[in-house]
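Comments concern the structure below.
The values are calculated or read from the model by the stated rules, or taken from the named source; none is laboratory data. Worth saying up front: this structure is predicted, and the values here are computed from it rather than measured. All Cβ positions, glycine included, derive from the backbone under ideal geometry; neighbour counts span all protein chains shown.
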Amino acid sequence: MKLVRGFLAIGAACLAQELLSSYLPGVARRCDLYTILVVYYGLTRPQAAAMVMGTGAGLVEDSVVQAILGLNGFKKTLIGYLVGSFGSLFMLNQAIPRFGILFAATFLDPLTEIGLLAAMGKGFVFPEMLDLLQRGIGNGVIGLLVFWIAARIP
């Protein structure tokens, strides 16, 4: 049953991200629902489950945005691993720490991409700091809303 819920969560995140990109592109640029999903799993599930969710969500994102296959998969797996590690060490069940983790995961995503693309010999243009700040705040606010909704689902 947990596996089915995981697949449904990835499908819902994919569908919601695509709908946001189509109908509200300004909002879609300010949030990454795949990262929010991986952070949610990292904070509420065991570390291994967060890594598996990160791999699955990243590979789905790779196939949807037509990126290098495995690039987002690795980034999201790393985010799941780190959030799962911090989640097991610290109490991150309140709004402010969760917002901070979502904000930090937003900055970790392009930093990991720089390292991976440098290892492959490809160039990468780092996003502007204002765009990253807006995306971090957007991920934090929407992520807290997702956490609140998920807590009410049985």
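Could you check, for the stretch 81-95, whether at least one of its residues is surrounded by 13 or more Cβ atoms within 10 Å (Cβ to Cβ), part of a loop (DSSP other than H, G, I, E, B), in contact (Cβ under 8 Å) with a residue 60 or more places away in the chain and of a type in the set (A, V, I, L, M, F, W, C)?
no
List pairs: first residue in the stretch 1-21 and free of Cβ contacts under 8 Å to residues at least 60 places away in the same chain, second residue of a type in the set (A, V, I, L, M, F, W, C) and not in a helix (DSSP H, G or I) anywhere in the structure, Cβ distance under 8 angstrom, at least six positions apart or on different chains.
If the second residue must be of a type in the set (A, V, I, L, M, F, W, C) and not in a helix (DSSP H, G or I), the pairs left are LEU20/CYS31.
Scan PHE90, PHE107, PHE86 and give me the residue that is among the aromatic types (Phe, Trp, Tyr), within 25 Å of LEU3 (Cβ to Cβ) and at pLDDT below 95. Quick ask: steps written out before the conclusion?
Values: PHE90 fails: within 25 Å of LEU3 (Cβ to Cβ); PHE107 fails: within 25 Å of LEU3 (Cβ to Cβ).
Result: PHE86 is the single residue among PHE90, PHE107, PHE86 that is among the aromatic types (Phe, Trp, Tyr), within 25 Å of LEU3 (Cβ to Cβ) and at pLDDT below 95.
Output the number of the condition that PRO46 fails; it satisfies all remaining conditions of (1) in contact (Cβ under 8 Å) with a residue 12 or more places away in the chain; (2) farther than 17 Å from LEU108 by Cα; (3) buried (at least 18 other Cβ atoms within 10 Å of the Cβ).
Condition (3) is where PRO46 drops out.
Taking the conditions exactly as written (in contact with a Ser or Thr (Cβ under 7 Å, 6 or more places away or on another chain) and over 28 Å from LEU130 (Cβ atoms)), does THR55 satisfy them or not? If you could, list the steps in order and put the result at the bottom.
Details: in contact with a Ser or Thr (Cβ under 7 Å, 6 or more places away or on another chain): yes; over 28 Å from LEU130 (Cβ atoms): yes.
Here the answer is yes, as THR55 does meet what is asked.
Determine which member of the set ILE68, ILE10 is over 15 Å from the mean Cα position of the chain (by Cα) and either modelled with pLDDT under 95 or among the hydrophobic types (A, V, I, L, M, F, W, C) (or both). Please lay out each step first, then the result.
On the way: ILE10 fails: over 15 Å from the mean Cα position of the chain (by Cα).
Going through ILE68, ILE10 in turn, just one is over 15 Å from the mean Cα position of the chain (by Cα) and either modelled with pLDDT under 95 or among the hydrophobic types (A, V, I, L, M, F, W, C) (or both): ILE68.
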